[in-house]
1. Which residue, of A:378, A:369, is acidic (Asp, Glu), under 26 Å from residue B:43 (Cβ atoms) and outside any helix (DSSP H, G or I)?
2. Go through the stretch A:158-185 residue by residue and tally those that are surrounded by 21 or more Cβ atoms within 10 Å (Cβ to Cβ) and under 26 Å from the mean Cα position of the chain (by Cα).
3. Which helices (runs of 4 or more DSSP H) does the stretch A:2-120 wholly contain that include 1 or more residues that are more than 14 Å from every other protein chain (Cβ to nearest Cβ) and either farther than 30 Å from residue B:294 by Cβ or modelled with pLDDT of 85 or more (or both)?
4. Please report, ordered by residue number, the helices (runs of 4 or more DSSP H) entirely within the stretch B:11-122 with at least 1 residues that are within 14 Å of chain A (Cβ to nearest Cβ).
5. Does residue B:274 meet the test of being farther than 21 Å from residue B:216 by Cβ, of a type in the set (A, V, I, L, M, F, W, C), at pLDDT 85 or above and over 14 Å from the mean Cα position of the chain (by Cα)?
6. If we scan the stretch A:232-246, do we find a residue that is in contact (Cβ under 8 Å) with a residue 60 or more places away in the chain, over 25 Å from the mean Cα position of the chain (by Cα) and more than 14 Å from chain B (Cβ to nearest Cβ)?
7. Taking residue A:348 as meeting all but one of (1) crowded, with 19+ Cβ neighbours inside 10 Å; (2) outside any helix (DSSP H, G or I), write down the number of the exception.
8. Out of the residues in the stretch B:72-113 that are buried (at least 21 other Cβ atoms within 10 Å of the Cβ) and among the charged types (D, E, K, R), which is nearest to residue B:292 (Cα to Cα)?
Amino acid sequence: MTALHCLPRSLMILAGALWLTTAQPALAQDQPQKGGTLVIAVQPEPPTLAAYQSTAGPVGQVSTKVYEGLLEYDFQLKPRPSLAQSWTVSPDGMTVTFKLEPNVKFHDGKPFTSADVQFSVMDVLKKVHPRGGNTFRAVTAVETPDPLTAVFRLSEPAPYMMMAMSSYESPMIPKHIFGIGDIARHPNANLPVGTGPFKFVEWQKGQYMRFDRNPDYRKKGLPHLDRLVARFIADAGTRSAAMETQEIHMGGFSAIPPVDVKRLQAMPHIEVTAKGYEMQAPIVQLDFNTTKPPFDDVKVRQAVAYAIDRKFVIDNVWFGFGRPATGPMNSNFKANGLYTAEVKNYNVPDGVERANKLLDEAGKRRGPDGVRFEIIHDMTPYGEEWRRFGEYVQQQLGKIGIKVTLRYEDVPSWLRRVYTNYDFQLTSNWIQTLADPSIGVHRLYHSNTIKPGTVFVNSSRWSTKETDDLMDKANVEIDPKKRAALYHELQKQVVEASPLVFVHELDFVTVYNKKVRNFPLSPLGLYSSLDQLWLAK
Amino acid sequence: MALTKSLTYALRRLSQAVPTVLVIIALNFLLLQLAPGDAADVLAGEAGSATPEFMAQLRSTFGLDQPIALQLLLYMKQIVTFDLGYSFRHGMPVADLIVARLWPTLLLMITVLALSVGMGVLLGSFAARKLNRWQDNLISMLTVLAYATPVFWAGLMLIVLFSIKLGWFPTSGMQQVAAFHEGAAKVRDIAHHLVLPAVTLTMFYLALYTRLMRASVLEQFSMDYVVTARDLPLGEPLGARRHVLRNAVLPVLTMAGVQVGALLGGSVVVETVFAWPGLGLLAYESLFARDLNLLLGIFFVSTCLVIVVNLLVDVGYSLLDPRIDLR
């Protein structure tokens, strides 16, 4: 409580810092050390631990330590064994058979079997998961010929499903616990029991969640950590300060704001990485309301797309964390061949001139004051960067004769405006294209996703027969080459019509203490189990 | 005699408060309906995506598909049985959520009140006795400066100085999470974490009580009884000080009672900056999440708290000044 009381602690920090700077290259650094408590800043505090019911980012950062999925993924976005040790897809794509890892136990000691897989998919994920109804729409039954075999029967091939079997997207939960009672408000929602490397211990709301090492974890000798604590600190400045004083070891997604990342990066004990977000793949975009003038005219939309200088936005608003986007799919999909850059290119040096020319052609002449027309630009309410971005859009569109008024509301108001009332003209937005375009991308362009009241779907309300067909075919195409060709064509058509402006691929960053080793080991980053992560003493 | 009198007085006051509370609840409920968007929008928004069936299912579970009047009626029915309802967002009964967050709030609030009223009374009466001398000017200047400093900025600056530069105090939280202390070590740990947030808030409220106390003491000085007492052989130091202080502290007490409400709300900033797990932060988050059940529950508890504290203040008056009758 007094200066004296704290003296040893500050000395220890000092000693630690000295050790880090002087002794780092020595010793066998790659030999994992056992023990220690990892403290992660998770922002905001998750509303619940029911990962089978919420895919909210902060939930995924904690639930994935307790629950596991059937598969994991590598950086090439290829499936890897997890709870399923092997799997086979029948030649017609209508049956998927998973062979489960033997001798896996839930944290309460009961065995994990194919009955849990059947229950998780058919009774939980398909029914109460925000995306599960879509991911498993083709699944008609999960058969359990023996305790270690689960057979998925499909009504049509579903190649996208195999990309959505991670612990974050499709957690496997125990039937003997969640099978009893109402799943929507289950007493164990916040007392999770899974098969993962860490056991849930307690959740002090507003403070922290504590997870202790699971000594009976199926992978021998793992996890390396004794304990994992997720802390909730509402203020961004304080989070950065706690990173500086080493009270927390890491923070990802937007826990540390870009402006502080630059500052912290320069410190000797801190490391920064943009890896580990490959399966989120968010794109920053400007959504048009394509049903009303002026943005019902493709030329006007293209003009706006030309007017935005992507590099300027990345460098000045997002402090360099990102790459220009070319179209509806993130370049992360290059890893499995679905992405193409051969589309109409709006990112050109003479964008403003081209935009002015297009607007003239569209008949939007400048008035005596140089203004062609006025619009209101809504800014997506997810933080300061979006305000800066809005100000940039205002300035830049001013150059092409569009007078912009800015509007910033809170999250529920904005969601209601954009996805229920469609009462907007141009709004900034960021959409995660997720693990497979069928899950992450189709929802923004398909005519069957124009659903008032459902968020993060087709709010621009643009669609064509041709693009709908391309997406329907890609859904069921099991030949990877043919599927890629369908997506290449889709990207060309969408970019040409420009129902939204594709600005840039947003890079999340994880800021972490250099004591943290073996991170990230998966494209799911903080959404992975962290069983191999260890802390240098 | 006096005890039974205060007791019947308290009971009467409390029964009078019941209709007030009910009206406040109804008003809160209706005001909150003005905010666009609902809890289902937010939950689905956080999920990043959702199917239409999922959203319809959420709304019917939350009862959001019912007409407003019916929702209000159902809520009032619940509240009269002291059932605060269920927060679907947190998957917990509202009462449990509030109770868990109430004591950190009370701990912070009582510490701040005790510090700011106590120090305010001392500094204020000292300043009054050194009227217009350098001590008085220094106290006035410093307290007003502290009052004018934005709370979040003061908090962050204290963190920079005492946590980052000096390493004396932790930046945030209520406990050291890597250690999970028990027993006496836990109490010490919490007290250690309490210092910075309490100091930040006290700095803000101190000015108010200091100024009020100073003015109040000066007013008492001009009263006949003080002027007379000064001429008596006892002299100023002993006799007058006791009487003056007792009389002068009454307005400060009134102010403290009124401030409890403000303190409940005003600590949101401090709770945010120092990640102190109190009610203010919970209310703030539930507003943006449109978790109306929880928000109404917090409002209800705050209302009750303010009523009880004001009652205590009134009883406190009569203890300090027996001439004030409890009627």
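1. On inspection, the qualifying residue turns out to be A:378.
2. Count: 15.
3. By residue number, A:3-23, A:114-118.
4. Details: elements: B:39-47, B:52-62, B:68-80.
Here the list reads B:39-47, B:52-62.
5. yes
6. No, the stretch A:232-246 contains no residue that is in contact (Cβ under 8 Å) with a residue 60 or more places away in the chain, over 25 Å from the mean Cα position of the chain (by Cα) and more than 14 Å from chain B (Cβ to nearest Cβ).
7. Just one mismatch for residue A:348, condition (1).
8. Here the residue is B:89.
The values are calculated or read from the model by the stated rules, or taken from the named source; none is laboratory data. As the structure is a computational prediction, the values presented were derived from the model and not from experiment. Note that each Cβ is placed from the backbone with ideal geometry, even for glycine, and that neighbours are counted across all protein chains shown.
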